[in-house]
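Trainee: Dumping the structure here so I can ask a few things about it.
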Amino acid sequence: MIQSNAYCGLITDPSGPFQNCHAVVDPRSYFEDCQYDLCELHLNNAALCESLQAYADVCQTAGVQLAPWRNATFCPLACAANSHYEPCAAACPATCVDPTAPYNCSLPCVEGCVCDSGYLLYNDRCVPSQQCGCWHNGQHYPVGSEFWTDNTCSSKCTCPSRGSKVQCFNASCPAGQYCGVQNGKPVCLEHSYGICHVHGDPHYQTFDKVTHNFMGNCTYTLAKVCSNTTSLPYFNVEAKNEHRGSTQVSYVREVVVEVYGQRIVIVKQQMSHVLVRSGTLPVSAAGGAITVSRSGRYIVLETDFSLRVSYDADHSVEVKVPTTYFNLTCGMCGNFNNRRDDEYMMPNGQQAADSNALGESWQVPDSDPSCGVPVPSPPCSDEDEKLYGSDQFCGILTSRPSPFESCHGVINPQDYFDTCLYDLCALNGGQEFLCAALEAYADACQAAGVTLLPWRNATFCRELETACIVS
């Protein structure tokens, strides 16, 4: 039996630190629980301390003042910086908000950590009392703190000294940052982006990384501003699809961007150069707020608020939207809200049953009446699926080693492998469809800053350039 006063016997010791409590709270059940725990846990010191603390807590709750039972080597209670342990501390600690709280506290004392002399509790830390600062609109702010007064980050205040009034002044976020909200408070955040990628025949990878396979050949809304309350510039991005050789699939034929009252159309052309009605690239519109230029094989439209729409004039479209538009968009590219469970949202606010229903709901009303959604292709045979999944086809995306291996840790290739397999099964394994799938993953990797090994050559996936800009 574990009865030594070095163990559970401390609880019942008539001359021990808990003696004043024996007449108020019977120690026997706590002693027995302590013995049981130590036997089961093989004299675990932490279990002993927890048993002693349980009896100490119930005694202090009953109003009994105990003698110290902890010390530096026996059940020490670790305290944070600028604080110390007291066996009978005020249950209402002195804080920056209420330094006199212990003197007006009606609760019995508790053991715990107490701020050292000259320090007060603020946000679970003991700070020098002179750092306890100012009140503003019912909130307390420590000395030297700064805070925004509204969700537009247009006014900032500071607390200069203890007990003083806050000092406020006009301000704004630094260049390259925007005003956002974190934990319910306005803060300046670094700009980041949501990226929607449309590629192949076609596949839509939304801002929130859900992939839709939708083969409709009408005109569809990719992304637009759907909030009526935002003061941010409005934009609308649409894509018109077309059949190429097979009515089972479709590809992007043109991209339309509406912004700042301008309507700019980038159209696929069967020629090896770019035609621009208003002049050679780069061109600008809306007083320079819109620019259209070439970047590699892409035609890129950019605005002064960091919207970026890229089209390779073949099959691949990327819509890049700054985080200021978080949760403000709708369309095939989704809501841009970091949620994957609402990526089938139709214009009426309901969730579509599948990707086909979603795509049809975002068809632009003035689309060609003869367009539509083709009948789904028959499933791939097991033999073909194995072939197209091999390293000679789509498997090159996921295999190691491969030209794409350096990107695996940045962008998971599985979605691109799946869409590649989907395309080759639907289109009987044509090399141009394989190249389009590999190209889509390569573009995503390079956009993420990954340098890939060469994967094209003179006979495999040779690059072509075809586009026309109409502004």
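Every number here is computed from the coordinates shown, using simple stated rules; none is lab data. From a predicted model like this one, the values you see are computed outputs, not experimental measurements. Note that we place each Cβ from the backbone using ideal geometry, even for glycine, and neighbour counts take in every protein chain shown.
Trainee: What lysines sit close enough to Lys268 to cross-link, taking a C-alpha to C-alpha distance under 29 Å and skipping anything fewer than 8 places away on the same chain?
Mentor: Here the lysines satisfying the reach criterion relative to Lys268 are Lys209, Lys224, Lys240, Lys320.
Trainee: Nearest 10 degrees is fine. How inclined is helix 28-40 to the longest principal axis of the chain, computing both from alpha carbons?
Mentor: 50 degrees
Trainee: Could you tell me the calculated FRET efficiency between Glu385 and His243, based on Cβ-Cβ distance and R0 = 25 angstrom, to the nearest 0.05?
Mentor: It comes to 0.55.
Trainee: Whole number please: convex hull volume per residue of the Cα set in region 13-75, in Å³?
Mentor: Here the figure is 81 Å³ per residue.
Trainee: Could I ask something else about it? Is the shape of region 179-271 rounded, prolate or oblate, going by the alpha carbon gyration tensor and its root eigenvalues a ≥ b ≥ c, with a/c under 1.5 for rounded and a/b larger than b/c for prolate?
Mentor: Prolate, since a/c reaches 1.5 and a/b exceeds b/c.
Trainee: Can you tell me the relative contact order of the chain? Whole percent, Cα pairs under 8 Å, sequence separation 6 or more. Kindly include the intermediate steps, with their values, before the conclusion.
Mentor: Values: 910 pairs, mean separation 50.6, N = 471.
Relative contact order, the chain: 11 percent.
Trainee: Okay, moving on. For the chain, give me the percentage of DSSP beta bridges that are antiparallel, rounded to the nearest 5 percent.
Mentor: Close to 95 percent.
Trainee: Let's see if you can work this out: charge +1 on each Lys and Arg Cβ, -1 on each Asp and Glu Cβ, no other charges. What is the dipole magnitude of region 193-470 about its Cα centre, in debye to the nearest 20?
Mentor: 800 debye
Trainee: According to a simple spin-label model (label point 7 Å from Cα along Cα-to-Cβ), what is the distance in nm between Gln414 and Asp368?
Mentor: Reported label-point gap for Asp368 and Gln414 is 3.8 nm.
Trainee: Students often forget the sequence filter, so: which lysines lie under 23 Å Cα-Cα from Lys156 once same-chain residues fewer than 8 apart are removed?
Mentor: Lys165, Lys185
Trainee: Sort Ile290, Ile266 so that the residue with the fewest other Cβ atoms within 10 Å of its own Cβ comes first and the one with the most comes last. Each step should come with its number before you reach the end.
Mentor: Working: Ile290 20, Ile266 27.
Ranking Ile290, Ile266 by Cβ neighbours within 10 Å, fewest first, gives Ile290, Ile266.
Trainee: Using only Cα atoms, locate the centre of region 198-237 and the centre of region 419-445, then give the distance between them in Å, rounded to an integer.
Mentor: Here the answer is 21 Å between Cα centres.
Trainee: So, one more: Could you give me the radius of gyration and the Dmax of the chain, taking only the C-alpha atoms into account and expressing both in angstrom?
Mentor: Rg then Dmax for the chain, in Å: 33.8, 100.
Trainee: Given a Förster distance of 45 angstrom, what is the FRET efficiency for Val58 paired with Arg339, based on the Cβ-Cβ distance and rounded to 0.05? Provide the component values of the computation, followed by the final result.
Mentor: Numbers: r = 46 Å, r/R0 = 1.03.
Efficiency, rounded to the nearest 0.05: 0.45.
Trainee: Could you tell me the calculated FRET efficiency between Cys39 and Leu452, based on Cβ-Cβ distance and R0 = 60 angstrom, to the nearest 0.05?
Mentor: With a Förster radius of 60 Å, E is 0.40.
Trainee: Binning every alpha carbon pair distance of region 40-190 at 5 Å from zero, what are the percents per bin?
Mentor: 2, 8, 13, 14, 13, 12, 9, 9, 8, 6, 5, 2, 0
Trainee: Given contacts defined as C-alpha pairs under 8 Å and at least six residues apart, what's the relative contact order of region 134-190, whole-number percent? Before the final figure, lay out the partial values.
Mentor: Working: 106 pairs, mean separation 16.6, N = 57.
Contact order relative to length: 29 percent.
Trainee: Follow-up. Arrange the following residues from fewest to most other Cβ atoms within 10 Å of their Cβ: Val225, Val25, Val198, Val292.
Mentor: Val25, Val225, Val292, Val198
Trainee: List the relative contact order of region 309-456 as a percent without decimals, with contacts defined as Cα pairs under 8 Å and 6+ residues apart.
Mentor: Value for region 309-456: 14 percent.
Trainee: Listing Leu222, Leu38, Leu77, Leu453 from the residue with the fewest other Cβ atoms within 10 Å to the one with the most, what is the order?
Mentor: Leu453, Leu77, Leu38, Leu222
Trainee: On to the next question. With each label point set 7 Å from Cα along the Cα-Cβ vector, what nm distance links Val375 and Gln182?
Mentor: If labels sit at Val375 and Gln182, their model points lie 5.5 nm apart.
Trainee: Taking 0.36 nm per intervening residue step and subtracting the Cα-Cα distance, what contour gain separates Asn123 from Ser284 on full extension?
Mentor: 52.7 nm
Trainee: Distance from the Cα centre of region 3-72 to that of region 76-121, in angstrom?
Mentor: Value for the Cα centre distance between the two parts: 23 Å.
Trainee: Based on alpha-carbon centroids, what's the gap between region 126-151 and region 332-369 in Å, whole number please?
Mentor: Measuring centre to centre over Cα atoms gives 46 Å.
Trainee: Further question on the same structure: According to the square roots a ≥ b ≥ c of the eigenvalues of the Cα gyration tensor, what is the shape class of region 71-129, taking rounded for a/c under 1.5, prolate for a/b larger than b/c otherwise, and oblate for the remainder? Provide the component values of the computation, followed by the final result.
Mentor: Values: a/c = 2.65, a/b = 1.28, b/c = 2.07.
The shape class here is oblate.
Trainee: Give the value in nm², to one decimal: projected area of the alpha carbon convex hull of region 134-190, averaged over all directions. Kindly include the intermediate steps, with their values, before the conclusion.
Mentor: Working: hull surface 15.9 nm².
Seen from a random direction, the Cα hull of region 134-190 projects 4.0 nm² on average.
Trainee: Which value at 222 nm does the chain reach when only helices count, each DSSP H run of 4 or more adding -39,500 (n - 2.57), with the total divided by all residues and rounded to the nearest 500 deg cm²/dmol?
Mentor: That calculation yields -5000 deg cm²/dmol at 222 nm.
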